[in-house]
1. Return yes or no: is Thr206 of a type outside the set (A, V, I, L, M, F, W, C) and in contact (Cβ under 8 Å) with a residue 24 or more places away in the chain?
2. Tell me, which residue of segment 175-208 that is part of a helix (DSSP H, G or I) and of a type in the set (D, E, K, R) is surrounded by the most Cβ atoms within 10 Å (Cβ to Cβ)?
3. Residue by residue through segment 233-266, note down the ones that are in a helix (DSSP H, G or I), basic (Lys, Arg) and under 17 Å from Val279 (Cβ atoms).
4. Those residues that are of a type outside the set (D, E, K, R) and either in a helix (DSSP H, G or I) or touching a Cys at 6+ places or on another chain (Cβ under 8 Å) (or both), I need them from segment 209-223; list them, please.
5. For Lys342, only one of the following conditions fails: (1) at pLDDT 90 or above; (2) assigned by TED's automatic domain parsing to the domain that holds Thr432. What is its number?
6. Take the residues in segment 286-337 that are in a loop (DSSP other than H, G, I, E, B) and in contact with a Ser or Thr (Cβ under 8 Å, 6 or more places away or on another chain); name whichever of them is modelled with the highest pLDDT.
7. Taking the residues in segment 546-571 that are touching a residue at least 60 places away in the same chain (Cβ under 8 Å) and in contact with a Cys (Cβ under 9 Å, 6 or more places away or on another chain) as candidates, determine which candidate is nearest to Ser478 (Cα to Cα).
8. How many residues are surrounded by fewer than 14 Cβ atoms within 10 Å (Cβ to Cβ), assigned to a helix (DSSP H, G or I) and either aromatic (Phe, Trp, Tyr) or in contact with a Ser or Thr (Cβ under 9 Å, 6 or more places away or on another chain) (or both) if we restrict to segment 347-366?
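The values are calculated or read from the model by the stated rules, or taken from the named source; none is laboratory data. Because the structure is a prediction, the values reported are computed rather than measured. Positions of Cβ are backbone-derived with ideal geometry, glycine not excepted, and every protein chain shown enters the neighbour counts.
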Amino acid sequence: MALISVSDELAKKSFTSVENKFITKYLPVLEPNAVKVYLYSLYLYQSGSNSYTFEDMAKSLSLTEDELKNYFEYLEEFELVSVLSFSPFEVKILEADNLYGTPKKFKPEKYADFTKNVQNVIKGRMISPNEFREYFLLLEEYGFEQNALIMIITYCVNLKGDNIRFQYIKKVAKSFADDGATTTKKVDERLSAYTGSTPSLIKIFTAVGINKQPDIDDDKLYKKWTDEFEFNDEAITAAAKFFKAKTVEKLDEALSELYKNKKFDVKEIEDYCKNKNSVYNAAIDVARALGVYMQNAAPYIENYVNVWYNYGYTFLCMKTIAKYCFRHGKNSFGDMHEFICKLYDEGIVADQSVNAKLASLDAEDAFIKEILTACGLTRKVIDWDRQSLAKWREWNFSDKMLLEAAKLSSGKSNPTAYMNGILSAWKTEGITSADAINHTLSAKISVTAESRSSRAAIEQYFYDLRHAAEDAAEKALSRATADIVYGEIYKQINELSIELAFAEIRDEEKARNISERIEKLTLEGDKRLKELNIDKADFTPHYSCKLCNDTGYDKDGNPCECMKKYISTLK
């Protein structure tokens, strides 16, 4: 029979859940009243007693409010709770830190000198046995030398005062341990390096009104700002002022934003901040012109509008280009970005040159529409038509000749492909003017053009298949990266992949670390995609034929079965 059993009546009652590791590890060594406080806290949370006050709890447990507060601080030393606020008093219950056994016992005589030295450093209060136990754990689990840990405690006391809480000391000590600084020498080196940056941090904090004394965490951020981001102190101060950053965390966010947008000089930072509202308004204008709904403008500003602005395009010019893109079916930020990149590659940036280019493109589209009408087609102009017109003009055909070829192509199954065949034949025969057109020869050319148009139809069919699959994959990826969370993860993975390529050649250990970071980010990205209901497999083109990937030819260069089937439909 089991040692403990319960009645059926008891089994039907409500219960308060307690972690088993609390019972096996902490309950045997905690002070009895501390156990009462911990269990009653669990009961209040799990029963949903939101109106229960600190005073009510003290009264229920027959404790004074000061006693109750002391027991919560006692539990905090064991990392079973975290005191979030003293006025009003708020506590968060944490999971028990260790999985097995009871808290480790230490021989007091082993650390007699250490305990004396620590108490001499922390003079403002008596150190409890449980706090000493945590110091002993730091010494043994992290491998700190005693003098090294005393140096860290001294630094913390000098920074925060005699009433410093143990949790802060533990956090700083773990930070040193994470950096491998557990010996007296390495702790001294790190504190010296920190001391070297302290004057700069104090100057920056004073200039921008950050009311705190710089600590080790601030020093880490300062090194990131100066070494990794390569900002100087003047630029950091300017960033804090222009972004109105009154905390170190806000300043870090501001500098990260400036770093992403490649703004490092004080003048660049000032201009960026002054234009911030203008950039936002420009994003709104572009979205309206494109017919795009923006739930959150931030990713569009970072990935597109700021990029275009850095290229040299004015906000008015962006709006003009957006209207052109909407008229021509380029109805997304990604499509507009692709178009702007083409303009930029041609050196077309100034408003006047952009307006001239757009007018030229509109004129070309109007002429292409005239050609399509002559061919007997009523569809809209597509990029393929523009590419064809550019090629025909390279062949030195006049607009009059192009219209003549279009008339001859009218009524054919694939008029534009047929027209392409006629013009190719005329080029071969040296016919470059309408007067030189020999209608007898044109009849023979038409037979050749018919054959060529069939081949062109086949090529066009498989081009369209491939393009549709690849375009769908690009749009799926664009939709995912438009999300601010996934977009940042995707960007970091791409940047790390580039670093990995170099690291694999130069530093095997660094390559391994980067690979682990990429793997972690990939898992985070997959989780975010699931939340967005986006299938990662859609980032890869889904070709209709798996044998040839919609090229029409198998791996040996022979016509694929899907091509043979399509040809049979033409016949």
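1. For Thr206, the condition - of a type outside the set (A, V, I, L, M, F, W, C) and in contact (Cβ under 8 Å) with a residue 24 or more places away in the chain - is not met.
2. Across segment 175-208, the extreme among qualifying residues is Arg190.
3. Within segment 233-266, Lys260 is the sole residue that qualifies.
4. Ile216, Leu221, Tyr222
5. (2)
6. The qualifying residue modelled with the highest pLDDT is Ser332.
7. Across segment 546-571, the extreme among qualifying residues is Asp550.
8. The number of residues fulfilling the criteria is 1.
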